[in-house]
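The values are calculated or read from the model by the stated rules, or taken from the named source; none is laboratory data. On a predicted model such as this, the values are computed, not experimentally measured, just so you know. Quick reminder, even Gly has a Cβ in these numbers, built from the backbone with ideal geometry, and neighbours come from all protein chains shown.
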């Protein structure tokens, strides 16, 4: 028997369709282009109502994808990713379906929300994102998983300290700092003269913070 979508899901679908029509001539043309949308209040409300009404019996892939799309577009304010924390089962569905999503700005937000919600299965939900094609998704996911799987996160962070991309090295440093890793000082010393001024700056910041503690 086919489950009929709830009115809240239909409303969300309509609001997403309107946003996509507006975005068709703007998407990717300049940074933070989503912020210019004039009907965010209606889109937020539709997404939040759909989240509130979520249940396994009335969930469908279209609604999950619409929520992921809307969360992605809301990447500056992050209102919806924070709202999702209230609904653990929905958050689990977003995490499971989000792995195959084409929306990197949804993926990293879902990883962060899973961590913020402190779900018992947080590590298992976040782990697939550590291998995402998008570096920023991987980076935010490593930071998110660290408290839930510290040994795993520490080993990945060590590997990242040799990455070419400077922000991966920065993330590695912060994960080692979060975990109070015994090898942190070794990497702080090694990267004090890093080729990237941003890595060097983060080394200094971490050292200053440690001295204050």
Only one residue in 57, 62 is out of contact with any helix residue (DSSP H, G or I) (no Cβ under 7 Å at 6 or more places or on another chain), modelled with pLDDT under 95 and either more than 24 Å from residue 173 (Cβ to Cβ) or assigned to a helix (DSSP H, G or I) (or both), so which one is that? 57
Among the residues of the range 98-119 satisfying the criterion of being over 12 Å from the mean Cα position of the chain (by Cα) and closer than 24 Å to residue 21 by Cβ, which is surrounded by the fewest Cβ atoms within 10 Å (Cβ to Cβ)? 102
Residue 211 in a helix (DSSP H, G or I) and modelled with pLDDT of 95 or more: no
Of (1) assigned by TED's automatic domain parsing to the domain that holds residue 175; (2) part of a loop (DSSP other than H, G, I, E, B), residue 133 satisfies every one except (1)
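Quick one: would you say residue 80 is surrounded by 22 or more Cβ atoms within 10 Å (Cβ to Cβ), assigned by TED's automatic domain parsing to the domain that holds residue 7, modelled with pLDDT of 95 or more and more than 13 Å from the chain's Cα centre (by Cα)?
Judged against the criteria, residue 80 is not a match.
Would you mind stating whether residue 187 is more than 20 Å from the chain's Cα centre (by Cα), assigned to a helix (DSSP H, G or I) and buried (at least 19 other Cβ atoms within 10 Å of the Cβ)?
yes
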